[in-house]
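J.: My questions will all concern the structure given below.
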Amino acid sequence: MKAAAGDRLIVESTRDGEHRRVGLIVEVGHADGSPPYLVRWLDDEHETLVFPGPDARVVHTVR
């Protein structure tokens, strides 16, 4: 998985009753775009360091 600051991280729910999470990648851990990513979650503006799992995908912004 590769990303850049400004891309969105989508994490699908793996449990019934939970919603998908969408976040803005504000910082990338490595120059090649590999994780970890500092993500600001759009639902609560909380920032967390994320090592995405198989339930996550990156949506690239148009540059």
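The values are calculated or read from the model by the stated rules, or taken from the named source; none is laboratory data. Fair warning: this is a prediction, and the values are worked out from it, not measured in the lab. With ideal geometry, Cβ positions are generated from the backbone for all residues, glycine too; neighbour counts draw on all protein chains shown.
J.: Looking at VAL22, is it of a type in the set (Val, Ile, Thr) and in contact with a strand residue (DSSP E or B) (Cβ under 6 Å, 6 or more places away or on another chain)? Reasoning before the result, please.
T.: Numbers: of a type in the set (Val, Ile, Thr): yes; in contact with a strand residue (DSSP E or B) (Cβ under 6 Å, 6 or more places away or on another chain): yes.
Spelling it out, VAL22 is indeed of a type in the set (Val, Ile, Thr) and in contact with a strand residue (DSSP E or B) (Cβ under 6 Å, 6 or more places away or on another chain).
J.: Of these, GLU45, GLU18, GLU27, which one is on the phi > 0 side of the Ramachandran plot and of a type outside the set (Ser, Thr, Tyr)?
T.: Criteria check complete, one pass: GLU45.
J.: Continuing with this model, one more query. Which residue out of VAL28, VAL59, VAL39, VAL11 is modelled with pLDDT of 95 or more and touching a Leu at 6+ places or on another chain (Cβ under 7 Å)?
T.: VAL39
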